Amino acid sequence: MQILTPKLAIHGGKRAIPDGTLKKWPPIDDSDRKAVLDSLDGANHAFGPNCIAFEKEFAGWNGNRYAITTNSGTAALHMCIVACGCSTGDEVIVPAYSWSSSATCILHHSCIPVFVDIDYETMNIDPEKIEQAITPKTRAIIAVHLHGLPAPMDEIMAIARKHNLRVIEDACQAHGAKYKGRKVGTIGHCSAFSFNQNKSLCSGEGGMFVTDDEEMLRAARSLWSFGETRTPAESRDYHVYALGWMYRNNDLTAAFGRSQLRKLDGFLSAQRENAQALAEELRGTPGLILPTEPAGYEHNWYNYTLRFDMEALGHLDDASDFRYRIVKALQAEGVRTDVWQSFILPAMTVFQAKNGFGHGHPWSSPQARRSVDYSTAQYRMAQRHCDTHTGMTRPLRAPNGPDVARLTGAAIRKVMENVRYL
Ligand SMILES: *Cc1c(COP(=O)(O)O)cnc(C)c1O
């Protein structure tokens, strides 16, 4: 008897998810239109009243004393480096797998990134490997809450206390995620959020620096606006006290951000409900490793990241190639998924070539340690994750509901049940 299998779309079968099923992100309604048009009709399109209100409202929402709104999450990260008092040649610890600017923000201040491998299970920095990366030059640790799962903050804060280091939270993907009941961005010394198009709070581009420390606020604010010490809302003396950039947000963007912030809790609970529906659909699928949410951790499900069990699938030797074959088959079914970062951070040319500003700076500066080593073999778990993952953001985003998540899950199951034909 012949066993009938549903034909995969990549082999000419019917797509599991019809075109046009996924709705666009973010959902826009009349409150967004009014907020942006009111700003347009206002008198200040630079750092205007919406920027000041956005800072106050975001700080209130997250539970921080202070906030500074920026034109990107990367700008806010650079401000964190400065707020932590890092200067030329100082070392900052960062996970070997993240968005590029989790590490390049360190270079922006002539400091040296030192990478630490990740824990394959959580995809976040492996706390057991942090201490061996600490040297007399280390000043700070960047805890990235990757894909919306908080980093192991108790362990990180304990190591920081022991070695007198500062902790920066890269919360650019983790709005609303919680660690032991506390919102991310309230645990370390200062934190950065992003409001880029794809994030759980979207204002097009934009970001937020947050802290509870007044000294850190002052240092970050000086970098943010030309190296001046007074904000555009105060009477400025236009004197540059330290090296500064122009990282300010603008009123139109802040107006959009504010109106989206009012809906953020609703977006996040939709994301959570959708992730649960997807997980129910996928549980037990052979060859798949589902993302974890350990006890005490509350994921925001910014990016639902799957890994393929290449040992079970018999593709240990060609893991990345086979992963791309599966991803193509998923995309053919209409699953909106893709490989997120295809390089671990230390493998990127800027680090391998050790050339940030020319003449080998900052690694060549007299203050820098000579023995900083970026050989990629040190980051086995990051590489394994890199080679075996595929991620999803849009299928979980409002206004898509659990029906879309379940359809997505069924499409993934269809491919995995027929993976031997790929
Ligand atoms: C998006 C992102 C950033 C940078 O944010 P931008 O607003 O794009 O500058 C930094 N870190 C992580 C983990 C991110 O996902």
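The values are calculated or read from the model by the stated rules, or taken from the named source; none is laboratory data. What you see is a predicted model; the values in this text were computed from it and never measured. Positions of Cβ are backbone-derived with ideal geometry, glycine not excepted, and every protein chain shown enters the neighbour counts. For accessibility, only protein heavy atoms count, side chains too; no ligands or nucleic acids. Shrake-Rupley method; radii C 1.70, N 1.55, O 1.52, S 1.80 Å.
Key figures
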{"item": "Output for the stretch 151-166, where each listed residue is open to solvent by less than 30 Å² (accessible area, probe 1.4 Å) and assigned to a loop (DSSP other than H, G, I, E, B)", "result": "Ala151, Pro152, Leu165"}
{"item": "Cross-chain or 6+ apart pairs with Cβ under 8 Å, the stretch 48-71 first and under 17 Å from Thr253 (Cβ atoms), then open to solvent by 20 Å² or more (accessible area, probe 1.4 Å) and polar (S, T, N, Q)", "result": "Gly48/Asn250; Cys51/Asn250; Asn71/Asn250; Asn71/Thr253"}
{"item": "Hey, Ser98 within 16 Å of the ligand (Cβ to nearest atom) and either at pLDDT below 95 or within 26 Å of the chain's Cα centre (by Cα) (or both) or not", "result": "yes"}
{"item": "Segments classed as helices (runs of 4 or more DSSP H), wholly inside the stretch 310-414, with at least 1 members that are of a type in the set (Lys, Arg) and at pLDDT 95 or above", "result": "319-332, 380-388"}
{"item": "Residues of the stretch 233-292 that turn out to be over 30 Å from Met123 (Cα atoms), hydrophobic (A, V, I, L, M, F, W, C) and within 25 Å of the chain's Cα centre (by Cα), as a count", "result": "6"}
{"item": "Residues being in a loop (DSSP other than H, G, I, E, B) and out of contact with any Gly (no Cβ under 9 Å at 6 or more places or on another chain) - total across the stretch 189-204", "result": "2"}
{"item": "Check on Ile28, of a type outside the set (S, T, N, Q), open to solvent by 40 Å² or more (accessible area, probe 1.4 Å) and in a loop (DSSP other than H, G, I, E, B)", "result": "yes"}
{"item": "For Leu306: the one exception among (1) open to solvent by less than 10 Å² (accessible area, probe 1.4 Å); (2) hydrophobic (A, V, I, L, M, F, W, C); (3) under 30 Å from Val36 (Cα atoms)", "result": "(3)"}
{"item": "Among the residues listed as Glu215, Glu169, the single one being buried (at least 24 other Cβ atoms within 10 Å of the Cβ) and either away from the ligand (no atom under 14 Å from the Cβ) or in a strand (DSSP E or B) (or both)", "result": "Glu169"}
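Conditions (1) open to solvent by 60 Å² or more (accessible area, probe 1.4 Å); (2) touching an Asp or Glu at 6+ places or on another chain (Cβ under 7 Å); (3) in contact (Cβ under 8 Å) with a residue 60 or more places away in the chain, marked per residue:
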| residue | (1), (2), (3) |
| --- | --- |
| Val339 | no, no, no |
| Pro346 | no, no, yes |
| Phe351 | no, no, yes |
| His389 | no, no, yes |
| Pro395 | no, no, yes |
| Arg420 | yes, no, no |
